[in-house]
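J.: Quick one: the structure is below, and I'll ask about it shortly.
Taken together, the values in this text are just the output of simple stated rules run on the coordinates, not laboratory data. Owing to the predicted nature of the structure, the values given are computational and were not obtained by experimental measurement. For neighbour counting, all protein chains shown are included, and Cβ atoms are generated from backbone atoms with ideal geometry for every residue, glycine included.
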């Protein structure tokens, strides 16, 4: 009996030790695969494809390319796959198929079978706000060689060119912007609302003779803030309009707003809050925390911006007209153009405004913004304000200037300016690089008294 009891005790001890070893092994494997790929998302932009891995924790990764056939291999250390790669919509992307495998017992390998050669770029984004840790893979299309004629490279001058409006729909791609209440099966998202308004605004502009609209974002993908304003400069736009429908910490906040850049500080708590929130978009979209190699250029740009008084003045003028026009459609949050440090507005030579079409965090306004009819009304009012501004101050050499001056493009004559609140003859003279005496003579004025709404002729030669 004693031997039997001893054998049983030894068996129990052995079993216990074995269980401990198994638990230790399972724990070790769990520690080795410390992160999980919980989701995979893909977006197609005009010049690249973005693949985003939603992660449960930070990971180390590496990637390399293979040819014959073209492949991109992505290795994630101590990571397991929980997402369904077969659910990815790969059409219109250079990715033909996604394959996965486990390496070394705890690492994850993802292989992208490619239909064409790409230039890959990868970076990790730490958890920020409501966004989890992410690994971002950008696949840039190989630039195609395009043969162009001399006339295309050097555009021919025209005395009746279109006024170019660059329209920027905020957010996009993995950055949905502000989230509103649920309508039907999904929550209303800022990126969808503002793209719809931007497309409606562009359609209105392109139907008007003398105007041309260019959409900065044409689909559901993200563009860094600096590239948005740089796009307006590439287009040599006469105006940059960024469309948003943001949220505020208080659901009661409501009303439309128009913003211009502030060189010193925000004009209200709301302006400051929204500017900080919008400027964080690059952290969500994957730019702000990735590279520091452009800081000198950005600083130079800010310094240039500080000196561009005329650009900011024009931004405030067009902003006032747009805000006044929107008052006929939407309740206004503030009765004047506000100013804040929006990064997307920091273009040194393109007048720029940011239009908040309403607060998507307010249930009543979200319901309106979800309506195609209301969005069209907003687009109509925005364009009405833009047209009023450019009719009052048409750029020389444009069709609108030619039309306004009865067949003269205004390049050697004058433009018309409508006096706004706060204007003086001396500030107007400085803005247009003319003397006060010239303004008095051209307009037949005997004194410096002017009134809001009064029209002045500004000599341009």
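J.: Label segment 320-461 by shape, choosing from rounded, prolate and oblate, from the square roots a ≥ b ≥ c of the eigenvalues of the Cα gyration tensor; if a/c is under 1.5 it is rounded, and otherwise prolate applies when a/b is larger than b/c, oblate when it is not.
T.: Because a/c hits 1.5 or more and a/b exceeds b/c, segment 320-461 counts as prolate.
J.: A further question on this structure: Does segment 35-141 classify as rounded, prolate or oblate by the C-alpha gyration tensor (a ≥ b ≥ c root eigenvalues; a/c under 1.5 gives rounded; else a/b over b/c gives prolate, otherwise oblate)?
T.: Verdict is oblate for segment 35-141.
J.: Length gain on complete extension for the stretch residue 187 to residue 391, per 0.36 nm per residue less the alpha carbon to alpha carbon distance?
T.: Working: separation 204, 0.36 × 204 = 73.44 nm, distance 4.00 nm.
My answer for the length gained is 69.4 nm.
J.: Moving on to the next point. Highest mean first, what order results for 419-426, 240-247, 449-456, 201-208 on Cβ atoms within 10 Å?
T.: Put in order of decreasing packing, that is 240-247, 201-208, 419-426, 449-456.
J.: For labels at residue 130 and residue 441 in the simple 7 Å Cα→Cβ model, what's the distance in nm?
T.: 6.2
J.: Also, quick follow-up: If each residue of separation counts as 0.36 nm, what is the full-extension length gain between residue 71 and residue 335 once their alpha-carbon separation is subtracted?
T.: Details: separation 264, 0.36 × 264 = 95.04 nm, distance 5.62 nm.
Going from the current span to full extension adds 89.4 nm.
J.: Starting from 0.36 nm per residue, how many nanometres of slack lie between residue 38 and residue 62 once their C-alpha separation is accounted for?
T.: 6.8 nm
J.: Something else now. Give the shape of segment 318-374 as rounded, prolate or oblate, defined through the alpha-carbon gyration tensor: a ≥ b ≥ c are the square roots of its eigenvalues, a/c under 1.5 means rounded, and otherwise the shape is prolate if a/b is larger than b/c and oblate if not. Mind showing how you got there, number by number?
T.: Values: a/c = 2.20, a/b = 1.73, b/c = 1.27.
Verdict is prolate for segment 318-374.
J.: For a quick protection proxy, order the peptides 70-83, 388-401, 96-109 by their average other-Cβ count within 10 Å, most packed first. Please list the in-between numbers first.
T.: On the way: 70-83: 18.4, 388-401: 20.0, 96-109: 14.4.
Listed from highest to lowest mean packing, they are 388-401, 70-83, 96-109.
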